[in-house]
Every structure is written in structure tokens, then in C-alpha cells.
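Engineer: My questions will all concern the structure given below.
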Amino acid sequence: MNMRAVLVQVENGAAIKYMSELYLMTNYRFALGCVNNTHKVYMLKASEEYPLFIVLEPLNKEYKDQFFHYNIPYPRAAANPAVRYLGEIYQTKKLEETKNILVSHQFRFQENENIHNQFLAHPFFYFTIPSYYTNNIVGYTESDLRDLRGLCIGACFQLDTAASELLEKADMLQETTGLKALINGIDHLATRIYCHEREDAILEFLSLSNYYFWGAYNIDDMNSSTNICRHPEIERELLSPAKVFTANNEPYYTNTITNLPSPTEDFVRNFGKRMHHIAYEVEDGTREDGTKNIDYVVNKLVHADIKFLENIIGECTDFPDLKQIFSKSSPYSHLITEYVQRCHGFEGFFTKTNVGYLTQAAGKDEAFQQSHAGPVHD
Ligand SMILES: [Fe+2]
């Protein structure tokens with residue numbers, strides 16, 4: 001059961017700007033668009049083997065669906081109530097049997113006649129209801145999703161001239177700066193949740209997929225743990241990216257007693273339980289001047305006005321190691337982009353030191369919002 005697509009919903013009118021950002025920061029490229037009764041669907045490909053990146057743009061600004069209610073209670077999510085990472089789609093050999101087995105274990109699925117988002121209602125798919133623990137959905141299909149026209153309900157469309165020119169500009173910038181050859185596919189996807197629901201969220205995902213629990217890092221001084229679930233069979237993470245769940249160790253509400261930092265739960269308090277970042281692999285290697293590829297990538301992106309949280313973490317000097325960095329969150333998806341370079345044949349997934357520093361860096365993005373009670377507009 002491999003991951004075959006990730007789904008991100010943006011606001012009406014934001015899809016092209018978001019894709020322009022993806023063209024500069026990732027290796028995903030627009031392959032086909034179609035329009036149904038509720039959305040424009042933009043399907044982006046990185047390669048035939050990697051998951052599709054599907055951007056769903058509601059047809060009007062008043063669009064509301066079940067995910068709206070997961071955004072409006074939270075100060076930083078309320079201003080953009082349509083914006084949300086929705087979930088992933090996994091390929092299964094037997095769709096009906098997969099659903100029946102999961103239903104027999106009390107998992108609940110969305111009924112097509114009640115699905116407002118018409119892409120989710122496609123007959124290729126079954127989607128779970130949003131998880132209580134993560135607010136994400138999990139989709140299943142028998143298709144490998146390589147036939148994009150088969151995914152279209154409604155008419156296919158081409159990008160207009162202005163959109164094409166904007167994307168070509170970003171594509172050209174990636175090409176001329178040499179970034180295109182260095183940024184690979186998705187390495188992992190990280191969801192942030194409440195600490196008292198951490199085990200439930202992990203066990204739920206393990207039950208819904210063929211992934212296994214690889215391990216966890218406890219970052220005591222950041223009051224946080226990072227829990228990693230991986231596909232058991234693939235040779236490269238990019239073929240079916242890892243799923244990571246991050247939560248506080250002690251809840252924020254004990255802060256007046258424990259006085260512990262709370263960078264992970266600050267995000268959840270600001271945005272609700274949801275996807276926090278998508279990590280992309282940077283090709284392992286060293287430039288002629290001795291710098292690592294990830295240093296080169298980040299330097300070029302900074303010159304292209306992409307903002308990052310803190311500096312690159314990790315050394316990658318003379319033994320297996322990895323270097324990582326978080327961007328600031330996208331104004332279109334609210335997702336942070338992480339870059340990760342595994343050096344000298346590093347076989348581990350993370351290092352505890354890196355995870356600790358990244359948790360701290362992400363916390364700085366949240367800290368200024370800690371005590372806001374009302375909606376905050378970015
Ligand atoms: Fe990460």
C-alpha cells in the first residue's frame with residue numbers, strides 16, 4: 001500500500017500563486033487541471049513513481065465544507081478557513097475489501113452522497129472521515145493514479161497565459177540556479193497533535209495503513225516528542241513518504257506549574273491539529289567549493305526571497321549525518337517546507353540533536369502568537 005497522492009486545499013484564487021511557490025521550492029510540476037462542481041483541481045507530478053501533489057481550489061470564496069469547522073476556532077487558521085492539508089491517498093489492491101475490513105474495526109468512511117468536495121466523491125476513492133486526533137483524512141484507491149484524465153470529474157482545462165507565464169518564470173529560476181537537479185521528492189509529512197492524543201493518533205494511522213512505527217525522539221528540553229512511521233518495503237522514502245507525528249510531552253495547560261517550553265503545542269493552539277510541514281529530500285552531494293547541496297539550495301532560495309526559520313541544522317562533515325532546515329510557512333497552504341540532506345550514506349531517519357533544534361526553530365515561528373485570544377490575520 002503506497003502513498004499515491006497528497007491533497008492540499010487553498011483559498012479561492014490562490015492556486016496559481018501556490019503552484020508558483022511549489023515550482024520554485026519543490027520538483028512538482030503542473031500536469032493536468034480539471035474543474036468539477038466545487039473545485040478547480042490542479043494535479044502536479046514530480047515523477048511517475050512519486051505521489052501526486054493535488055491542489056484543490058474552491059470555485060468561490062464562500063466555499064465551506066467539513067474542514068471549515070476545524071479552522072475557525074483557531075486564531076491563525078480562522079483568517080483562511082478553506083486552507084488546509086486534507087490528507088493522503090494510498091493504493092490498495094482491493095478497495096472494497098480494504099474498506100470492509102476497516103469498517104469492521106469501527107473506522108468510519110465518508111458516504112459519497114454526503115461529500116461536499118466533489119474531488120473526494122470520485123468513484124475511484126474511499127475516504128475516511130477526518131480523524132478526531134489529527135483532523136486529517138486517509139483515502140484509498142485501486143488506481144495507481146497515473147491516468148490523470150481518469151481522475152477528472154468535469155472538464156479538463158489548460159492554464160491561461162498569465163498563469164503559464166508565472167509558472168514558467170519560477171521554473172526558469174529553478175533551472176538557471178541549478179536547484180532543479182538538487183530538490184527531490186517528498187521525504188516525510190509531519191502532523192502536530194495534542195500530547196494526550198499522541199498514542200491514539202499513531203495507532204490509528206498504523207491501523208489505517210501498512211506503515212510501521214520506526215521510532216521516536218524525546219526532546220526533553222523542548223517538551224516534545226517526534227514519532228516516525230515508515231513504509232515497510234520501499235527502498236527510497238520518496239516512493240511512499242514517512243508520516244511523522246509530533247506532540248508535547250506535558251500539555252500546555254500545566255505550564256504555570258511546570259514552566260516548560262511548548263513550541264509544538266503552540267502550533268496546535270494557533271492552527272488546530274493538522275499537518276505542520278512537508279519535507280523534501282535534497283540530493284546528497286558537495287559543491288565544488290566544499291559546501292553541501294542543501295547549503296547551496298537554501299542560499300539560492302534566500303536570494304529568491306524565500307524566508308527560513310533559523311539556520312541549517314546538522315554538520316555532515318566526515319561521517320554519516322544529516323542537515324535539515326525549515327522554511328517559514330506558506331501563506332497559501334500554511335505548510336512549512338523542510339529540506340533534508342542525508343550525507344555519507346546516513347541510514348537513520350533523523351538525529352535527536354537535529355530534531356531538537358528544529359523543534360526549537362519552529363517554536364520561534366509560534367512564540368509571538370502564544371497569548372492571542374482572537375483571530376490573527378497574516
Ligand atoms: Fe520534518
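The values are calculated or read from the model by the stated rules, or taken from the named source; none is laboratory data. Predicted, not measured: the structure shown is a model, and the values here were computed from it. All Cβ positions, even for glycine, are placed from backbone atoms using ideal geometry, and neighbour counts span all protein chains on display. These accessible areas exclude ligands, DNA and RNA; they are computed on the full protein's heavy atoms, side chains included. Shrake-Rupley method; radii C 1.70, N 1.55, O 1.52, S 1.80 Å.
Engineer: Under the rule that an exposed site lies in a DSSP loop and has at most 15 other Cβ atoms within 10 Å, name the longest stretch of the chain with no chymotrypsin sites (Phe, Trp or Tyr not before Pro) of that kind, not counting the sites themselves.
Structural biologist: With a cap of 15 other Cβ atoms within 10 Å, the longest stretch comes to 133-367.
Engineer: Would you report the distance distribution of C-alpha pairs in region 1-157 as whole percents per 5 angstrom bin, up to the bin with the largest distance?
Structural biologist: Per 5 Å bin, starting at zero, the Cα-Cα P(r) for region 1-157 comes out as 2, 9, 18, 23, 21, 16, 8, 3, 0 percent.
Engineer: Using only alpha carbon pairs under 8 Å that are at least six residues apart, calculate the relative contact order of region 150-286 and give it in whole percent.
Structural biologist: For region 150-286, the relative contact order is 33 percent.
Engineer: Once you charge only the Cβ atoms, +1 for Lys and Arg and -1 for Asp and Glu, what is the size of the charge dipole of region 2-103 about its Cα centre, to the nearest 20 debye?
Structural biologist: It works out to roughly 60 debye.
Engineer: Next question. Over every pair of different alpha-carbon atoms in region 226-334, take the mean of 1/r and invert it; report that Kirkwood radius in Å.
Structural biologist: Radius from the Kirkwood sum: 16.8 Å.
Engineer: Find the centroid of the Cα atoms in region 52-70 and in region 73-143, then give the distance between the two in whole Å.
Structural biologist: 13 Å
Engineer: Now for a separate question. What is the distance, in nm, between label points placed 7 Å from the Cα along the Cα-to-Cβ direction at Glu49 and at Asp220?
Structural biologist: The answer from the label model is 4.1 nm.
Engineer: While we're looking at this one, here's another question. Within the accessible area of region 167-312, what % is carbon and sulfur when the probe is 1.4 Å and the other protein chains stay in place?
Structural biologist: 48 percent
Engineer: DSSP beta bridges in the chain, what fraction antiparallel, as a percent rounded to 5?
Structural biologist: DSSP beta bridges in the chain are roughly 75 percent antiparallel.
Engineer: Which Cα, out of Tyr217, Thr176, Ala242, lies furthest along the positive dipole direction of region 146-251 (beta carbon charges, K/R +1, D/E -1)?
Structural biologist: Farthest towards the positive end: Thr176.
Engineer: If you place +1 on the Cβ of every Lys and Arg, -1 on the Cβ of every Asp and Glu, and leave all else neutral, what size is the dipole of region 218-304 about its Cα centre, to the nearest 20 Debye?
Structural biologist: 400 debye
Engineer: Let me know the charge dipole size of the chain about its Cα centre in debye, to the nearest 20, where only the beta-carbon of Lys, Arg (+1) and Asp, Glu (-1) is charged.
Structural biologist: With Lys and Arg at +1 and Asp and Glu at -1, about 700 debye.
Engineer: Among Gln106, Tyr50, Tyr85, pick out the residue whose Cα is farthest towards the positive end of the charge dipole of region 37-116, where Lys and Arg carry +1 and Asp and Glu carry -1 on C-beta, about the Cα centre.
Structural biologist: Farthest towards the positive pole: Tyr85.
Engineer: Something else now. Please report the equivalent ellipsoid semi-axes of region 174-247, computed as sqrt(5 x eigenvalue) of the Cα gyration tensor, largest first, in whole Å.
Structural biologist: Taking √(5λ) for each eigenvalue gives 27, 17, 10 Å, largest first.
Engineer: Separate question: With respect to the cross-link table entries Lys40/Lys273; Lys45/Lys352; Lys94/Lys352, which display a Cα-Cα separation exceeding 28 Å?
Structural biologist: Distance filter (> 28 Å) returns Lys45/Lys352; Lys94/Lys352.
Engineer: Another one. Rounded to the nearest percent, how much of the accessible area of region 74-135 (1.4 Å probe, protein heavy atoms only) is carbon and sulfur?
Structural biologist: C and S fraction of accessible area: 50 percent.
Engineer: If you roll a 1.4 Å probe over the heavy atoms of the protein chains, what accessible area per residue do you get for the chain, in Å²?
Structural biologist: 42 Å²
Engineer: Moving on to the next point. Using the Cα centre of the chain as origin and beta-carbon charges of +1 (Lys, Arg) and -1 (Asp, Glu), tell me which of Gln66, Gly185, Thr134 is placed farthest towards the positive end of the dipole.
Structural biologist: Gln66
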